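Okay, structure first, notes after.
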Amino acid sequence: MYMRVGAQLYTVYDYCQSLKDLSETLQKIADIGYTTVHVSGTCDFEAEWLAEELKKAGLTCGITHYDDSRIYGDTENVIREHDIFSCDYIGISGIPGGFEAIPQFPATAKKIALKMQAAGKKLMYHNHSWEYESRCVFYVC
């Protein structure tokens, strides 16, 4: 068993806001010695484009933070896109709708997580300080 250490693209946000810059950034990350990335905070891209760019740089995608509205409203295509660039972990970054949406979040997230699980994927959740400060505790599945 080993742990892969990757680079989170959000940490280089300013260098990932166009396809050209994102491509160059992926190569620079690979040149440093990373083998995997967390795709987050980038410009829009097509799944096929990302798959090719990752391959060219010799990188894999370990996890994403994907468009929340697409995860909720277009789950099947999000799964398909993650299949294209070989990523099994699909992340949402916070509770869409904010504090008021907390009561509905566990049931909604569980429904999506079960769809992803059936496709061999895992729904991941990334919290923010307001959730911790409001003492939100819940389990998706």
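Surface analysis of the chain yields an accessible area of 61 Å² per residue, using protein heavy atoms and a 1.4 Å probe. Under 5 Å between amide hydrogens, built in the peptide plane, is the criterion, and for Thr60 it picks out Thr36, Val37 among residues at least 5 positions away or on other chains.
Per-residue 3J(HN,Hα) values for the range 26-39, derived from phi via the Karplus relation 6.51 cos²θ - 1.76 cosθ + 1.60 with θ = phi - 60°, read 4, 5, 5, 5, 5, 5, 5, x, 5, 10, 9, 10, 9, 7 Hz in sequence order (x marks Gly and Pro).
Computed from label points 7 Å out along Cα-Cβ, the spacing between Asp31 and Asn127 is 3.9 nm. Springs between Cα atoms under 10 Å define the GNM used for the chain, and in it the highest mean-square fluctuation of Ile90, Ile112, Ile102 occurs at Ile102. Rolling a 1.4 Å probe over the protein heavy atoms of the chain, with every protein chain left in place, gives an accessible area that is 53 percent carbon and sulfur.
For the chain, calculate the relative contact order in percent as a whole number, restricting contacts to Cα pairs under 8 Å that are 6 or more residues apart.
Working: 193 pairs, mean separation 27.0, N = 141.
About 19 percent, as a whole number.
Evaluating 6.51 cos²θ - 1.76 cosθ + 1.60 at θ = phi - 60° for every residue in the range 91-107, the Karplus couplings come out as x, 10, 10, x, 8, x, x, x, 3, 5, 8, 4, x, 8, 4, x, 5 Hz, glycine and proline recorded as x. With the whole protein complex present, Ser69 retains an accessible surface near 80 Å², based on a 1.4 Å probe.
The values are calculated or read from the model by the stated rules, or taken from the named source; none is laboratory data. Remember, predicted model here, so these are calculated numbers, not experimental data. Don't worry about glycine lacking a Cβ; one is built from the backbone with ideal geometry, like all the others, and counts go over all protein chains shown. Just the protein is used for accessible areas: all its heavy atoms, side chains included, with ligands, DNA and RNA removed. Shrake-Rupley method; radii C 1.70, N 1.55, O 1.52, S 1.80 Å.
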